[in-house]
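Below: one structure, written as structure tokens.
Every number here is computed from the coordinates shown, using simple stated rules; none is lab data. These numbers were taken from a predicted model, which means no experiment stands behind them. Positions of Cβ are backbone-derived with ideal geometry, glycine not excepted, and every protein chain shown enters the neighbour counts.
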Amino acid sequence: MLGAGGSVNEEKGPTLNHTIEPEITVISRAFDGTVRRSWLARIIEKRDPLLVLVGEFDQDISHNDLGLIRRGTRSYEYYWLDRWFNVFRFHEPEGQLRNYYCNINLPPTFTGEALDYVDLDIDVLIMPNFVVSILDEAEFEDSCWDFQIPLDIQEKARQSLDELLAAVDRREFPFDQEIS
């Protein structure tokens with residue numbers, strides 16, 4: 001993914017500007033530390049403990065849960081360094097909201113050049129009409145067994161899922177933005 005700089009207004013959402021912000025690498029890992037995927041994105045806002053990034057798909061991607069993600073789809077990515085979830089807000093190449101996709105994860109680390117997190121496999125898909133689907137709970141259970149994930153981390157992952165779903169229900173940031 002590649003992206004361009006911009007800023008975030010909590011009422012209106014990200015807006016592009018002409019400032020070129022640093023491009024960083026985002027790394028998503030399995031619980032055992034192996035890299036699952038990585039991509040490039042640009043920082044558009046740092047507001048401790050929140051980092052907002054933007055990236056753009058440079059090729060068509062076929063995704064099991066999302067179907068075809070077209071080249072040019074923009075991804076606004078919200079990472080809190082103290083939370084156990086992240087939020088991706090996908091926009092079609094023409095600009096309209098495609099969906100939100102959220103990961104339950106260990107809190108990320110940020111070095112200035114890379115943002116790194118451990119994905120705990122539970123995902124949440126939110127459509128523009130706010131229909132919510134919880135995905136991959138069986139995969140999470142398998143990972144708990146395969147990686148011997150400690151019970152306190154399992155409990156925190158489930159608690160974080162509840163917190164995320166409550167934020168969606170209440171239309172809290174970043175789910176509160178009016179998007180065309």
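Odds and ends about this structure:
- The simple Förster model, with R0 at 22 Å and r as the Cβ-Cβ distance, assigns Ala138 and His63 a FRET efficiency of 0.80.
- Based on Cα contacts under 8 Å between residues 6+ apart, the chain shows a relative contact order of 18 percent.
- Helix-only arithmetic for the chain: the sum of -39500 (n - 2.57) across DSSP H runs with n ≥ 4, divided by the residue total, places the mean residue ellipticity at 222 nm at -5000 deg cm²/dmol.
- Nearest-ten-degree value, helix 151-169 long axis tilted from longest Cα axis of the chain: 40 degrees
- Cβ charges +1 (Lys, Arg) and -1 (Asp, Glu), total dipole of the chain, debye: 560 debye
- Furthest towards positive pole of dipole, His91, Ile134, Leu161, structure part the chain, Cβ charges: His91
- Protection-proxy order for peptides 142-151, 46-55, 113-122, each taking the mean of Cβ atoms within 10 Å per residue, highest first: 113-122, 46-55, 142-151
- Gain upon complete extension [Asp176, Trp145; 0.36 nm per residue less C-alpha separation]: 7.5 nm
- Taking a ≥ b ≥ c as the square roots of the eigenvalues of the alpha-carbon gyration tensor, region 16-72 is classed oblate because a/c is 1.5 or more while a/b is no larger than b/c.
- Filtered trypsin sites (Lys or Arg not before Pro), region 133-171: DSSP coil and at most 13 other beta carbons within 10 Å: Arg170, Arg171
- Considering every alpha-carbon pair of the chain, the percent of pairs per 5 Å bin, from zero through the bin containing the longest distance, is 2, 8, 17, 22, 22, 18, 9, 3, 1, 0.
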